[in-house]
Every structure is written in C-alpha cells, then in structure tokens.
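The values are calculated or read from the model by the stated rules, or taken from the named source; none is laboratory data. Every value quoted in this text rests on a predicted model; they were computed, and no experiment measured them. Cβ: placed from backbone, ideal geometry, glycine included. Neighbour counts: every protein chain shown.
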Amino acid sequence: MEQLLSPKMLAAYLGLAEQTIYNRHSTGGDLPQAIKLGHLLRFSLADVEAWLETKRQANTALLPAQVQPSTPRRRGRPTKAEQIAARRTC
C-alpha cells in the first residue's frame, strides 16, 4: 500500500508552510498530483518524489546557462560618460 502524505506532512517534507500547500493546490500552483479522499487532501509519496526529481532535473539543466557578468553592474542611474558611451555603441 502506498504511503499518503497529508498537507501538513508534505509541508514539513518540502520545508514549506502548510498554508502554502493549500494555496498552491487551490490556485493550481506547482505541486504534485493530489488525491481527494472525501474532504481530505492527500499526496502520494511516490508522486512527490517523482515531482521533486523533475524539479531537480529542470534546475540542473538551467545551471550551465546562467553566467554571471564579469563585472557587477552599478546600481542607480548611469553616469553621463556611460550614457554617451552607450549612445556611441548603438
């Protein structure tokens, strides 16, 4: 028999608040497939682990594409010299 997790157990497993689980479920947010047992909401542990694995694969696929700029950008408005240089390159 497969193990079913309550929203409270799923929240603890994922490190989220219980209310976040309910909110994501009601708005169609990003959660594994839920099972309704009467008025109770349950999640299959196998579905949760499969869902987490797809999330891990999606995140690792994005990592090589994320390249940090060699010099960090300054905050705020560009200086006059930077504005002129930007106009010349366009």
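Arg88 satisfies every condition listed in (1) modelled with pLDDT of 90 or more; (2) loosely packed, with under 11 Cβ neighbours inside 10 Å except (1).
Every residue in region 25-40 that is in a helix (DSSP H, G or I) and surrounded by 15 or more Cβ atoms within 10 Å (Cβ to Cβ), please. His25, the sole residue that qualifies. Of the residues making up region 10-24, those that are under 14 Å from the mean Cα position of the chain (by Cα) and surrounded by 12 or more Cβ atoms within 10 Å (Cβ to Cβ) number 5.
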